[in-house]
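Let me begin by presenting the structure, written as structure tokens, before commenting on it.
The values are calculated or read from the model by the stated rules, or taken from the named source; none is laboratory data. Quantities reported herein were computed from a predicted structural model and do not represent experimental measurements. Glycine gets a Cβ as well: all are built from the backbone with ideal geometry, and neighbour counts include every protein chain shown.
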Amino acid sequence: MKDITFTIPKNSIVGLIGANGSGKTTIIKCLLNYYNDYLGDITILGEESKGIAQEDNTFAYIPNKAVYYEELTVEEHLDFMSKMYRTEERVEKLIKDFQLESHLNKFPHELSRGNQQKLSISCALLRDYKLLLADERFSGLDPR
């Protein structure tokens, strides 16, 4: 991967399309400042990416492989994340919107792949963000 330049206009949806191994996930991780040993500059919302500390970023990220606390139930995940981001008022709507009502007492390993994805997306949406980055998190979801 080299010589990549692109602009993401405000209030837009952008997709990265490319072959397996072409660097799509790497680009996302550079945007998130997970990798900062790349050449060139990344400016996000008018700010140099390398200068944004992890604790100061305003990005929500849905990784390509969901990461869970295996000892927490669905409800405990949502409770924990909403308390961390101080967005408890969003939990009920996300539970309803993603049809998680019957899964609240289940652990992530007990969920189908689609329901694991819905939990991952819900957790990301609990954060206040200016930029939502999703790395292949919508494959396998029901169209609804």
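Here are the numbers:
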read-out	value
Long-range neighbours under 9 Å by Cβ, at least six apart or interchain, first residue not assigned by TED's automatic domain parsing to the domain that holds residue 48 within the stretch 1-29, second surrounded by 12 or more Cβ atoms within 10 Å (Cβ to Cβ) and in a loop (DSSP other than H, G, I, E, B)	none
Subset of the stretch 77-120 (residues that are among the aliphatic types (A, V, I, L, M), within 16 Å of residue 65 (Cβ to Cβ) and in a helix (DSSP H, G or I))	119
Qualifying positions in the stretch 71-95 - over 17 Å from residue 106 (Cα atoms) and of a type outside the set (A, V, I, L, M, F, W, C)	82, 83, 85, 86, 87, 88, 89, 90, 93
Qualifying residues in the stretch 87-130 (those that are free of Cβ contacts under 8 Å to residues at least 40 places away in the same chain and of a type in the set (Phe, Trp, Tyr)) - the one surrounded by the most Cβ atoms within 10 Å (Cβ to Cβ)	98
Matching residues in the stretch 1-58 - criterion: being among the small types (Gly, Ala, Ser), within 26 Å of residue 126 (Cα to Cα), under 20 Å from the mean Cα position of the chain (by Cα) and surrounded by 10 or more Cβ atoms within 10 Å (Cβ to Cβ)	49
Matching entry among 91, 67 (being among the hydrophobic types (A, V, I, L, M, F, W, C), out of contact with any strand residue (DSSP E or B) (no Cβ under 6 Å at 6 or more places or on another chain) and in the same structural domain as residue 116 (by TED's automatic domain parsing))	91
Unmet requirement for residue 28, which otherwise passes all of (1) in a helix (DSSP H, G or I); (2) out of contact with any strand residue (DSSP E or B) (no Cβ under 6 Å at 6 or more places or on another chain)	(2)
Checklist (1) closer than 21 Å to residue 135 by Cα; (2) not assigned by TED's automatic domain parsing to the domain that holds residue 6 applied to residue 50, failing item	(2)
